[in-house]
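Heads up: the structure comes next, in structure tokens.
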Amino acid sequence: MKPAIEVKGVWKEYRKGIDKRYKSLRDVLTTIPSWRKRQQAELFWALQDIDFTLNAGDSIGIIGRNGAGKSTLLKILSRITPPTKGEVILRGRVASLLEVGTGFHPELTGKENIYFNGSILGMHRAEIKRKFDEIVEFSGVEAFIDTPLKHYSSGMQMRLAFSVAAHLDAEILLIDEVLAVGDMAFQQKCIGKMDEVSKGEGKTVVFVSHNLSQIKQLTSGGILLDYGKQLAQDATDNIISLYHKNILKNHLYTFDKERVQAEDVLFSNCSFRNIEGQEITQVECGNPLCVLLEIENRTKALIKDALVGIVFKNLQGGSMIALSSNVHGLQLDLQAGTNTISCQIDKFPLSPGTYSYNLIITRGNHIYNWMKEAGIIQTHHGFFFESGEIPSPKLQTVLVAHNWKKL
Amino acid sequence: MTTEIIIRPKSGLSSKWKELWQYRELLYFFTWKEIKVRYKQALLGVVWTLLQPLMMMMILVLVLSKGLGLDTGQIPAPIYYLCGLLIWNLFSQSVNSAANAMVSNAQILRKIYFPRLIIPISSMMIASFDFLISLSVFFIIGFWYQSQGGFHFPFFSILVAFMVAWVITIVTSFGIGTFLSAINVKYRDVRYALPFLIQALFFITPVMFDSKQFSQPILQFVLQLNPLNYAIQTIRSVLTDGQLEVIGNMSWHLPLILVILYILGMYVFRRTEAYFADIV
């Protein structure tokens, strides 16, 4: 039998700094003199010579850092954007899930949205009809199925969207990080369903996620991408450890300054200081740690009431601790230009290991900048507890100050 | 036998009508969704579809027939203007919504693959749906005039004439609509130019007048290049003498113009289609 997916030498070229994706005629006319120069300067390869084959029944995860080309590869497989060079052959019915709830319309009822969304994801009308009750039951919004979607809470909308997605039935499933949002309990339910679907006879699954434990759960093999290049294809566990070894250890950056960030508000630096104010890249657990953030506000206006957050994550992608500037009621105003903010942790609570962190700036519902895996920090054995004892790392990651007594 | 999908850098210029046929259900759902959404919050709902051409017809009757005293021949003035308006609305609605459809569905284009042609075609379907509804009113008015005597209203000939007119109008709209929708993805100037373009075309379409009234040969020539001219002529000639003359009204360059419009629209659309998701 021929393989289900064949990717043969795929390359994809993109334009850098896509500040304005579409143009007006005026833009084109005014930039005529610099046409040639700009075109040479702005092109880069988002994917370089990707080559792999999957047999029917294989399930693989695509792993790599942000900007490694994971989503671009998935977009090519989904036929949303064509490759610049190379060829892909897919054999079988394809369902691609780059987003849940695509095409949801607030004016339509839940039922109508199930039909439209299902159809857009490639289901036939008869198929949706057959699975309709199951979808509604899975989502748990039976009571509101004839209510316009605009009256749903965002959680309910998500559940409905996931339910349609979870009932997709195809020979080849392409899944992006869609499962990364929504409430945890329902997420697990969806993963369970997906797991069930993907383990079915002859299903081929390509799965992209930052969440390595999800990848572990859903796939048996993996492909490692970095800077658009395919570094390896192997069993999932081997790929994940290779990812840790090669990518993270080779890029022992405290802060990834090269990263392309949001336009308006960006993190120009993030550093860790010890109690003496010296810059450090590793910390002993239990020691004080000061995080120094430099935020550049390019909006030329004052941003009032901003919220800045730092989330430390383990290498499986699970969030460990979240530090948010609003928990103390700090009213944070970011003036135009550079702002420096510090966050002081009296006793750093993460047990020995390597952690990455996300940085985020929001105001109300608006996210100004969300920098995933902005950098790495390493923690070493330290005196979090006076005794110097630390429970086995297999049992815990976050240390909590506490007292024992015999009564 | 499983289907085999081959993804290559640039798709050919074949029109992929076969693939479109496989996606016919999605085309249905796109059309169905748009129609549903449009009437969800409108108090009068579908009545708007009827009201708009009827009001316009009344204005033309008042201004042109009663006010200026223009002659509409054997055809009663309301019918004379309404048939022109129905064809014109079909065209302007198709082109208008097709030109904007790609941009307004950008969110979907970026996340899901389907033959992109579905979007402008569904615009034509929606306009055709409205056309069908207002057509029923046209027939009611026609039969009413026949019952008053002095006016012959042959149902089947008129129906066939409208079908021919529909085909001409849809092919024209398809060519112009797909062309504009593809251009609009890259250059949002289309948004500003479109209202003017539509208005300008209105004046070289014989809705308010008879093309034979034009004396200048150059104006006659411009009018003959307009496919809508033939669409409206076909209907009006049936209404005048009851004779269905589909071929007689047309000149050899109508098929040529339709083919050129179709190829132009398809060519531009196909060329940019693959990259819609990257630039929209």
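In region B:184-197, which residues are more than 19 Å from the chain's Cα centre (by Cα) and more than 10 Å from chain A (Cβ to nearest Cβ)? Of everything in region B:184-197, nothing turns out to be more than 19 Å from the chain's Cα centre (by Cα) and more than 10 Å from chain A (Cβ to nearest Cβ).
Suppose we keep only residues that are part of a helix (DSSP H, G or I), open to solvent by 30 Å² or more (accessible area, probe 1.4 Å) and not aliphatic (A, V, I, L, M) within region B:173-193. Which one would you say is farthest from B:V259 (Cα to Cα)? Let's see the steps before the verdict.
Residues of region B:173-193 that are part of a helix (DSSP H, G or I), as a first pass: B:173-186, B:190-193.
From what's left, open to solvent by 30 Å² or more (accessible area, probe 1.4 Å): B:176, B:179, B:183, B:186, B:191-193.
Imposing the further condition that a residue be not aliphatic (A, V, I, L, M) reduces the set to B:179, B:186, B:191-192.
On the way: B:F179: 14, B:K186: 25, B:R191: 26, B:Y192: 27 Å.
Here the answer is B:Y192.
Would you say A:E87 is at pLDDT below 85, open to solvent by 20 Å² or more (accessible area, probe 1.4 Å) and within 7 Å of chain B (Cβ to nearest Cβ)? Spelling it out, it is not the case that A:E87 is at pLDDT below 85, open to solvent by 20 Å² or more (accessible area, probe 1.4 Å) and within 7 Å of chain B (Cβ to nearest Cβ). Scan region A:155-170 for residues that are open to solvent by 20 Å² or more (accessible area, probe 1.4 Å) and assigned to a loop (DSSP other than H, G, I, E, B) and the total you get is 1.
Of the listed requirements (1) open to solvent by less than 10 Å² (accessible area, probe 1.4 Å); (2) in a helix (DSSP H, G or I); (3) under 29 Å from B:D278 (Cα atoms), B:F138 misses just one: (3).
Evaluation of A:P83 against the conditions (1) assigned to a loop (DSSP other than H, G, I, E, B); (2) within 30 Å of A:G375 (Cα to Cα); (3) not hydroxyl-bearing (S, T, Y) shows that the sole unmet condition is (2).
Please enumerate the residues belonging to region B:155-213 that are within 27 Å of B:N105 (Cβ to Cβ) and at pLDDT below 90. B:V185, B:K186, B:Y187, B:R188, B:D189, B:V190, B:R191, B:Y192, listed by residue number. Residues in region A:56-78 that are modelled with pLDDT of 90 or more and in a loop (DSSP other than H, G, I, E, B): 1 in all.
Here B:N105 meets each of (1) under 30 Å from B:K66 (Cβ atoms); (2) without any contact (Cβ under 8 Å) to a residue 24 or more places away in the chain; (3) polar (S, T, N, Q) with one exception, condition (1).
When you check B:S97 against the structure, is it away from chain A (no Cβ under 14 Å) and either open to solvent by less than 30 Å² (accessible area, probe 1.4 Å) or under 30 Å from A:I89 (Cα atoms) (or both), yes or no? Walk me through it before giving the result.
Numbers: away from chain A (no Cβ under 14 Å): yes; either open to solvent by less than 30 Å² (accessible area, probe 1.4 Å) or under 30 Å from A:I89 (Cα atoms) (or both): no.
Spelling it out, it is not the case that B:S97 is away from chain A (no Cβ under 14 Å) and either open to solvent by less than 30 Å² (accessible area, probe 1.4 Å) or under 30 Å from A:I89 (Cα atoms) (or both).
Does any residue of region A:117-136 turn out to be within 23 Å of B:R110 (Cα to Cα), open to solvent by less than 10 Å² (accessible area, probe 1.4 Å) and within 8 Å of chain B (Cβ to nearest Cβ)? Yes, that holds for at least one residue. Within region B:243-279, the set of residues being surrounded by 14 or more Cβ atoms within 10 Å (Cβ to Cβ) and over 22 Å from the mean Cα position of the chain (by Cα) comprises B:T272, B:E273, B:A274, B:Y275, B:F276, B:A277, B:D278, B:I279.
What is the one condition in (1) in contact (Cβ under 8 Å) with a residue 40 or more places away in the chain; (2) touching a helix residue (DSSP H, G or I) at 6+ places or on another chain (Cβ under 7 Å); (3) within 13 Å of another protein chain (Cβ to nearest Cβ); (4) surrounded by 21 or more Cβ atoms within 10 Å (Cβ to Cβ) that A:L77 does not satisfy? Tallying (1) in contact (Cβ under 8 Å) with a residue 40 or more places away in the chain; (2) touching a helix residue (DSSP H, G or I) at 6+ places or on another chain (Cβ under 7 Å); (3) within 13 Å of another protein chain (Cβ to nearest Cβ); (4) surrounded by 21 or more Cβ atoms within 10 Å (Cβ to Cβ), A:L77 fails exactly one: (2).
Residues that are charged (D, E, K, R) and in contact (Cβ under 8 Å) with a residue 60 or more places away in the chain within region B:261-280 comprise B:R270, B:R271, B:E273, listed in sequence order.
Looking at this structure, is A:R130 assigned to a helix (DSSP H, G or I) and free of Cβ contacts under 8 Å to residues at least 12 places away in the same chain?
Values: assigned to a helix (DSSP H, G or I): yes; free of Cβ contacts under 8 Å to residues at least 12 places away in the same chain: yes.
Taking the combined requirement at face value, the residue satisfies it.
Within region B:43-66, not a single residue is open to solvent by 70 Å² or more (accessible area, probe 1.4 Å), within 11 Å of chain A (Cβ to nearest Cβ) and outside any helix (DSSP H, G or I).
Scanning region A:133-154 for residues that are touching a helix residue (DSSP H, G or I) at 6+ places or on another chain (Cβ under 9 Å), of a type in the set (A, V, I, L, M, F, W, C) and part of a helix (DSSP H, G or I) gives A:I135, A:V136, A:F138, A:F144, A:L149.
Restricting attention to region A:328-347, the residues that are closer than 22 Å to A:T299 by Cα and assigned to a strand (DSSP E or B) total 9. Note on region A:348-369: among residues that are open to solvent by 20 Å² or more (accessible area, probe 1.4 Å), closer than 19 Å to A:L302 by Cα and in contact (Cβ under 8 Å) with a residue 60 or more places away in the chain, the one that is nearest to the chain's Cα centre (by Cα) is A:Y368.
The values are calculated or read from the model by the stated rules, or taken from the named source; none is laboratory data. Note that the structure is predicted; figures quoted are calculated from it, not measured. Ideal geometry is used to build each Cβ from the backbone, glycine not excepted, and the neighbour counts take in all protein chains shown. For accessibility, only protein heavy atoms count, side chains too; no ligands or nucleic acids. Shrake-Rupley method; radii C 1.70, N 1.55, O 1.52, S 1.80 Å.
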